[in-house]
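Visitor: Sharing a structure with you now.
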Amino acid sequence: MLTVVFADIVGSTGLFERLGDAHASQLMSQLTGVLGKVFEQHHGRVVKLLGDGVFAVFPDAGSAITACITLQSRFLNEPFIPAGSDRPIRMQIGAESGEVIEIDGDCFGDAVNSAARLADLAGADQILTTQNVWNELVAAHRTQLRSLGPMHLRGKTQATHVYRVEWSNDRDAEATAMGSSMYAPAKHLSLALTHKGRTQVFDVTPAGFTIGRSTEAALPVLDPRVSRVHATVCSRGGQIVLCDTSSFGTWVYFGDQSGAAVALRRTECYLVGHGQLSLGCKSDADKAPLVEFEVR
């Protein structure tokens, strides 16, 4: 059992565009060297340098999470701003524990794939991990993990319970989910919701809006299984967040999946792409109150 870490530099594509291939390549080599040294200082072994990041393995979850926090803290306290840019380098990190197969110095396995997907999902300054890592950590480390609930990682059929490491509250609040480029301007967020054939498009702001049985809700859904304030939708760090506040829960079906759902019970998840919300019951329940969603 090992803990796998992928640490990627956010916005590397934009960095090459701004600085040019030669300068950016030199910068990436310098930065990945820094990442490798930090991990090795915490008993990690660098498996690969990835061009814009590092793939490493650790003997235990505690060492891995400590290394990740050390790395993020270093970039916070000693911001590195490349020449020709006005923005500091920022990192996105994913960590997963599990069985790892080592062949000729390389590592393979489901934990490797999951850690890579988590790094893709993480935003700038974020560290995302899973239930497997939480299970390995001592109580003091567990207090730093905030549950984001079950999420579907790309390429996996089963939902994965994802946690965010709250190494710095200010940074977590500002983080941009889904690996958005740090060089991209803040995007306008809108969400189309369709209920009983009627579509409404909402501008999503940090203040957010509500879905529920109350006639004062931005999207009223009249069904006894729906709470008066069933869920809230807001923007956070450039992403749309759905937070369940109901008595009976919310089921989120992403894309065209009809069976697997992210079940929210006073928890939250990011809304991406399109899909369906089932309020107060699963979608296959009799006359389930369904809301289709599309992020625009």
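Only the coordinates and a few stated rules stand behind these numbers; no lab work does. Predicted, not measured: the structure shown is a model, and the values here were computed from it. In this analysis, Cβ positions are derived from the backbone assuming ideal geometry, glycine residues included, and neighbour counts consider all displayed protein chains.
Visitor: How far apart, in nm, are the 7 Å Cα→Cβ label points at Ser214 and Arg198?
Guide: A separation of 1.9 nm, rounded to one decimal place.
Visitor: Using amide H atoms built in the peptide plane, which far-off residues or other-chain residues are under 5 Å from Gln239 H to H?
Guide: Amide H neighbours of Gln239, under 5 Å, 5+ apart: Ala177.
Visitor: For the ranges 191-202, 275-286, what's the packing order if you count other beta-carbon atoms within 10 Å of each residue, average per peptide, and put the highest first?
Guide: 275-286, 191-202
Visitor: Could you list which residues have their amide H under 5 Å from that of Ala231, counting only those 5 or more apart in sequence or on another chain, with H placed in the peptide plane?
Guide: Under 5 Å from the amide H of Ala231: Ile211, Thr245.
Visitor: Further question on the same structure: log10 I(q)/I(0), Debye, Cα-only region 190-295, no solvent, q = 0.11, 0.22, 0.24 Å⁻¹?
Guide: So the normalised log intensities work out to -0.27, -1.26, -1.56.
Visitor: Here's a follow-up. For region 210-257, what is the Kirkwood estimate of the hydrodynamic radius, computed as the reciprocal of the mean inverse distance between distinct Cα atoms, to one decimal in Å?
Guide: With all distinct Cα pairs of region 210-257 included, I get 11.4 Å.
Visitor: Taking 0.36 nm per intervening residue step and subtracting the Cα-Cα distance, what contour gain separates Leu76 from Lys287 on full extension?
Guide: Numbers: separation 211, 0.36 × 211 = 75.96 nm, distance 5.04 nm.
The Leu76-Lys287 span can extend by a further 70.9 nm.
Visitor: Next question. Once amide H atoms are placed 1.01 Å from N in the peptide plane, what residues at a sequence separation of 5 or more from Asp125, or on another chain, have their amide H within under 5 Å of its amide H?
Guide: Met91, Gln92
Visitor: Run through region 203-296 and list the GluC sites (Glu not before Pro) located in a DSSP loop whose Cβ has at most 16 other Cβ atoms within 10 Å.
Guide: Numbers: sites: Glu216, Glu268, Glu292, Glu294; in loops: Glu216.
Here the sparse-neighbourhood loop sites are Glu216.
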